[in-house]
Amino acid sequence: MSEISRDDVAHLAKLARLQLSDDELTEYAAQIDGIVDHVAAIQEVDTSDVKPLSHPTQNVDGEVSVMREDVVVPTLDAEQALDQAPDSEDQRFKVPQILSD
């Protein structure tokens, strides 16, 4: 059993700049501890006889899954894309500046 403590969770929360209550620290420590235990259990499974897949779309039986064909379809031109925009300039959306120079 892993032992993720409240202090570990508090440290991670501080790094992530999260403010957690004492109850949340206790709850999250238990949840993370459970997740780590599940991962440890999965790592104990003997996979020595399992052949690796050679392609992301390959099924476990070795057959390659059929994926849809790539189909080129018409897209909006700049005028169509901007026709409902509140404001535009030079074929671009114009928005208020939020960052200073």
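Table for the structure above
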read-out	value
10 Å Cβ shell holding at most 12 others, DSSP loop, trypsin sites (Lys or Arg not before Pro): longest site-free stretch of the chain	18-67
Heavy-atom accessible area per residue - the chain, 1.4 Å, Å²	97
In the stretch 47-101, the GluC sites (Glu not before Pro) that fall in loop regions by DSSP, at most 13 other Cβ within 10 Å	Glu63, Glu69
Of all accessible heavy-atom area on the chain, the percent that carbon and sulfur account for (1.4 Å)	54
Selection from Leu76, Phe93, Gln58, by position along the positive dipole direction of the stretch 58-101 (Cβ)	Phe93
Length-normalised contact order for the stretch 1-60 - Cα pairs under 8 Å, 6+ apart - percent	36
Whole-number percent relative contact order across the chain, with pairs defined as alpha carbons under 8 Å at least 6 apart	16
Estimated dipole of the chain in Debye, rounded to 20 [Cβ of Lys and Arg +1, of Asp and Glu -1, Cα centre]	180
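The values are calculated or read from the model by the stated rules, or taken from the named source; none is laboratory data. What you see is a predicted model; the values in this text were computed from it and never measured. FYI the Cβ positions are ideal-geometry reconstructions off the backbone, even for glycines, and counts take in every protein chain you see. Heads up: the accessible areas ignore ligands, DNA and RNA and are worked out on the full protein's heavy atoms, side chains in. Shrake-Rupley method; radii C 1.70, N 1.55, O 1.52, S 1.80 Å.
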